[in-house]
Amino acid sequence: MPVDILVGTQWGDEGKGKLIDVLTRDVDMVVRFQGGNNAGHTVEIGSERYVLHLVPSGIFRSNVVNMIGNGLVVDVLGLMEELQNIAAKGFSLANVQLSNRAQLIFEYHKRADGLNEVRAGSKKIGTTKRGIGPAYADKMNRTGIRAIDLKYPERLAAQFRAEAERYNGIFAQYGVEQLDIEAELAKVLEAAKFLAPFVTDTVYNLNEAIQQDKKILCEGAQAALLDIDHGTYPFVTSSNTVSGGACAGAGIPPQCIRHVWGVIKAYTTRVGEGPFPTELNDAAGDALRQAGREYGATTGRPRRCGWFDAVAGRYACMVDGVDKLAVTKLDVLDDLDKIAVCVAYEVNGERTDRFPASVEELAVAKPIYEYLPGWKCDTTQATKWEDLPANAQAYLLYITKLVGSKLAIVSVGPRRDQTFEVEVC
Ligand code: GDP
Ligand code: IMO
Ligand code: MG
């Protein structure tokens with residue numbers, strides 16, 4: 001069973017990119033299975049900081065195959081630019097594969113995303129405006145254009161013109177600037193020429209690798225609480241971000257899955273709108289943002305910050321089936337006197353340890369906190385469990401037990417060497 005899946009268990013930005021980069025030391029193939037360039041995965045190597053949006057975070061290891069799976073929505077111009085930037089920094093693109101079944105994002109999807117947000121007014125989602133929702137809607141409507149068509153320029157042009165005209169009809173109705181279809185098509189055809197050599201049948205390639213017992217790691221984007229089914233709907237993204245999404249989004253038979261890595265921050269952040277029970281709208285929240293450098297890797301927006309939410313974490317670990325927990329950003333809590341952990345909610349006067357399905361209930365959920373003492377010392381140099389102060393160990397064991405998983409990795413800084421495996425509880 002050579003396939004492991006790594007997913008975020010909060011509202012995204014848990015440090016998935018960093019962990020994928022670390023774990024690919026021992027892996028043959030990294031596979032993205034959902035989302036698009038709404039993702040921003042940061043990898044720090046030495047003094048360099050790279051942010052990946054569509055390309056898997058195994059790209060910095062020359063022997064690793066990096067697959068963009070069928071479940072993604074791929075911004076054609078965005079992917080070309082990202083690949084060109086990676087090549088310009090001296091990394092090889094020889095092992096990059098783009099699924100012929102992946103759906104494509106064009107300029108009209110981005111404009112439609114912006115229009116949806118404007119029309120929603122105070123109910124806007126706060127999307128990344130990358131066209132993710134409209135592209136997945138087209139996929140489900142069966143009007144999307146797929147990566148396989150990048151190899152057939154005439155077919156691509158005909159489909160693009162038809163879809164762009166349809167969107168222009170909608171834009172005309174709502175006063176959105178008309179797309180210059182031929183000018184946009186010229187850019188698309190140029191990108192298609194660049195991308196066509198990467199397009200392949202990743203589903204067969206992946207299953208051949210499974211047969212050959214190659215080690216495969218699936219890289220989730222976003223996180224459980226942004227999942228279209230399991231997240232804080234409608235304040236979610238448009239794909240299945242949970243571990244189960246990997247099977248459909250990459251073409252992996254379920255019985256091939258071995259471990260599910262869940263990445264969880266030692267506190268909580270969220271970008272965009274939607275309920276967030278443990279949010280801190282005060283100096284304590286600002287301090288977390290400052291210490292954790294919590295600004296979006298894709299949009300640069302300040303991230304909302306709050307205490308660790310074990311109700312949400314337990315729910316996510318349950319749905320994802322996390323059997324290996326990676327706790328990141330422990331170092332961000334280094335200076336605190338005491339640390340709050342939300343162990344349950346009070347919803348309309350009743351205590352619950354379940355994560356409500358309704359955003360209305362979540363909006364009024366009052367966190368019930370337990371307080372743990374801080375450790376008030378620098379953890380960024382720790383390279384093993386024994387290096388951590390006792391209060392930091394106690395905090396990690398406490399939150400791990402609450403979410404019902406097994407602690408496997410602790411991360412104390414953005415660099416590769418600020419990560420260590422642990423074998424406790
Ligand atoms: P992703 O979307 O889950 O890949 O996460 P992002 O890259 O959007 O955000 C995580 C941020 O935290 C990045 O800037 C990382 O470099 C940084 N980071 C990752 N792990 C740690 C850690 O343990 N400590 C600190 N201080 N920063 C970390
Ligand atoms: P990574 O992979 C954090 C959020 C947006 C918005 C909602 C819907 O880096 O963890 P979308 O553009 O997907 O339609 O926006 O989802 N969002 C993310 N938040 N990290 C991400 O990705 C996100 N991708 C989308 O802010 O609230
Ligand atoms: Mg991110």
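The values are calculated or read from the model by the stated rules, or taken from the named source; none is laboratory data. The structure presented is a predicted model; accordingly, all values stated were derived computationally and were not measured. Using ideal geometry, Cβ is built from the backbone for each residue, glycine included, and neighbour counts are taken over all protein chains shown.
Evaluate the following for Ala363: is it crowded, with 16+ Cβ neighbours inside 10 Å and assigned to a helix (DSSP H, G or I)? For Ala363, the condition - crowded, with 16+ Cβ neighbours inside 10 Å and assigned to a helix (DSSP H, G or I) - is not met. Candidates in the stretch 8-60 are the residues that are within 10 Å of ligand 2 (Cβ to nearest atom) and of a type in the set (Val, Ile, Thr); of these, the one that is nearest to Ile264 (Cα to Cα) is Thr42. Within the stretch 115-146, being surrounded by 15 or more Cβ atoms within 10 Å (Cβ to Cβ) and in a loop (DSSP other than H, G, I, E, B) holds for Ile125, Gly126, Thr127, Thr128, Lys129, Arg130, Gly131, Gly144, Ile145. Each residue in the stretch 24-54 was checked for being farther than 16 Å from Ala135 by Cβ, more than 10 Å from ligand 1 (Cβ to nearest atom) and among the aliphatic types (A, V, I, L, M), and 5 pass.
Residues that are assigned to a loop (DSSP other than H, G, I, E, B) and within 17 Å of Ile257 (Cβ to Cβ) within the stretch 1-33 comprise Met1, Pro2, Thr9, Val27, Asp28, Phe33, listed in sequence order.
Each residue in the stretch 87-117 was checked for being closer than 25 Å to Val64 by Cα and out of contact with any Phe, Trp or Tyr (no Cβ under 8 Å at 6 or more places or on another chain), and 11 of them qualify.
Of all the listed residues (Val176, Val188, Val199), the sole one being closer than 12 Å to Phe106 by Cα, surrounded by 13 or more Cβ atoms within 10 Å (Cβ to Cβ) and in contact (Cβ under 8 Å) with a residue 60 or more places away in the chain is Val188.
Put simply, of Ala297, Ala248, Ala221 the only residue that is in a helix (DSSP H, G or I) and not assigned by TED's automatic domain parsing to the domain that holds Pro134 is Ala248. May I ask you to verify whether Ala112 is among the small types (Gly, Ala, Ser), surrounded by 20 or more Cβ atoms within 10 Å (Cβ to Cβ), out of contact with any strand residue (DSSP E or B) (no Cβ under 8 Å at 6 or more places or on another chain) and touching a residue at least 40 places away in the same chain (Cβ under 8 Å)? Here the answer is yes, as Ala112 does meet what is asked. List every residue pair whose Cβ atoms lie under 7 Å apart, where the two residues are 6 or more positions apart in sequence or sit on different chains, the first residue falls within the stretch 293-309 and is under 14 Å from Ala39 (Cβ atoms), and the second residue, located anywhere, is within 12 Å of ligand 1 (Cβ to nearest atom) and basic (Lys, Arg). From the stretch 293-309, the pairs are Gly296/Arg303. Can you run down the residue pairs with Cβ atoms below 9 Å, 6 or more apart or on separate chains, where the first is in the stretch 33-47 and assigned by TED's automatic domain parsing to the domain that holds Ile68 and of a type in the set (Ser, Thr, Tyr) and the partner is within 6 Å of ligand 1 (Cβ to nearest atom) and assigned to a loop (DSSP other than H, G, I, E, B)? From residues that are assigned by TED's automatic domain parsing to the domain that holds Ile68 and of a type in the set (Ser, Thr, Tyr), the pairs are Thr42/Asp13; Thr42/Gly15; Thr42/Ala297; Thr42/Pro414. Kindly indicate whether Arg49 is assigned to a helix (DSSP H, G or I) and surrounded by fewer than 24 Cβ atoms within 10 Å (Cβ to Cβ). Against the criterion (assigned to a helix (DSSP H, G or I) and surrounded by fewer than 24 Cβ atoms within 10 Å (Cβ to Cβ)), Arg49 does not qualify.
Apart from one condition, Ser62 fits all of (1) more than 12 Å from ligand 1 (Cβ to nearest atom); (2) at pLDDT 95 or above; the exception is (2).
Looking for whichever is surrounded by 24 or more Cβ atoms within 10 Å (Cβ to Cβ), under 15 Å from the mean Cα position of the chain (by Cα) and either closer than 20 Å to Val74 by Cβ or more than 16 Å from ligand 1 (Cβ to nearest atom) (or both) here; the options are Gly262, Gly245. Which one fits? Result: Gly245 is the single residue among Gly262, Gly245 that is surrounded by 24 or more Cβ atoms within 10 Å (Cβ to Cβ), under 15 Å from the mean Cα position of the chain (by Cα) and either closer than 20 Å to Val74 by Cβ or more than 16 Å from ligand 1 (Cβ to nearest atom) (or both). Only a single criterion out of (1) closer than 30 Å to Asn63 by Cβ; (2) under 21 Å from the mean Cα position of the chain (by Cα); (3) among the aliphatic types (A, V, I, L, M) is not satisfied by Ala94, namely (2).
Note on the stretch 202-226: among residues that are more than 15 Å from ligand 1 (Cβ to nearest atom) and buried (at least 21 other Cβ atoms within 10 Å of the Cβ), the one that is nearest to Asn70 (Cα to Cα) is Thr202.
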